Amino acid sequence: MTRNYGDYLQVRNGIYQYLFTTPKDQLARFGGKRQFRGTLGTRDRKEALIKIGPLIEQHMKMFQANDAGELTYERTKEAAEYLGFSYRPAQEVRATGIEERVEMLAPIFDALNLVQKPNANEKAAIVGAVEVPALTFKQAFGRFKELSPEKVKGKNPVETKRFWRRYEKIVEDFIEEMGDRDVLKLTKSDAMNRAGFAGGSNF
């Protein structure tokens, strides 16, 4: 016996399941597949509601996807996520070993079976067409500060500014010597050559 609980949740034989109906204007994209169904693996309603949340978000993004806007890394990465795999540029995939590459490609093949007519963002995600954008040393340092509030916990504004200034000086020295380069492309040789900038400190 099947019972419906809202638009997306069902119970069949005591087990909660999700059920998403493909919008009519999206049927061709999914090869005529009218419904997406699967088990949530639980008999507990609260647990089912927790599990179904991310699935609703994933399917709504998938159903509402379009080609509007510029083809960017962020849009390509988002397409990969709702299709069920982690985005990797083609160059990165080619650089991996055979076993790792097979592991990367398996969910991509699943996505190809899922979406019969992928849009531009989905195609870019599947083939790894968009390179990871550059992350300059200055940008990386700014991001590090955002992600490390505990470093200045309990400090007043003056103390905080003084604390970060030590590292800002290192960044400025590096940029003056090497340029504000893409940290994602720095080599071990670059790091060794400029190790003296850090003065033995670490972040």
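The values are calculated or read from the model by the stated rules, or taken from the named source; none is laboratory data. Not measured: the values here are computed from a predicted model. Ideal geometry is used to build each Cβ from the backbone, glycine not excepted, and the neighbour counts take in all protein chains shown. Each accessible area value is taken on the protein alone, full model and side chains, heavy atoms only, with ligands, DNA and RNA left out. Shrake-Rupley method; radii C 1.70, N 1.55, O 1.52, S 1.80 Å.
Checking the conditions here, which among ARG37, ARG3 is open to solvent by 90 Å² or more (accessible area, probe 1.4 Å) and either at pLDDT 90 or above or in a loop (DSSP other than H, G, I, E, B) (or both)?
Testing whether each residue is open to solvent by 90 Å² or more (accessible area, probe 1.4 Å) and either at pLDDT 90 or above or in a loop (DSSP other than H, G, I, E, B) (or both) leaves just ARG37.
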Could you pull out the residue among LEU105, LEU83, LEU55, LEU112 that is open to solvent by 50 Å² or more (accessible area, probe 1.4 Å) and closer than 25 Å to THR22 by Cα?
LEU112
Leading residue by the ranking (modelled with the lowest pLDDT) among those in the stretch 130-145 that are closer than 19 Å to ALA79 by Cα and loosely packed, with under 14 Cβ neighbours inside 10 Å
PRO133
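Would you pick out the residues in the stretch 111-149 that are within 30 Å of ARG37 (Cα to Cα) and part of a helix (DSSP H, G or I)?
ALA111, LEU112, ASN113, LEU114, ALA120, ASN121, GLU122, LYS123, ALA124, ALA125, ILE126, VAL127
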Kindly indicate which of LYS61, LYS77, LYS46, LYS24 is of a type in the set (Lys, Arg) and over 19 Å from ASN119 (Cβ atoms).
LYS46
Looking at SER201, SER189, which is the one that is among the polar types (S, T, N, Q), at pLDDT below 85 and under 30 Å from ARG88 (Cα atoms)?
SER189
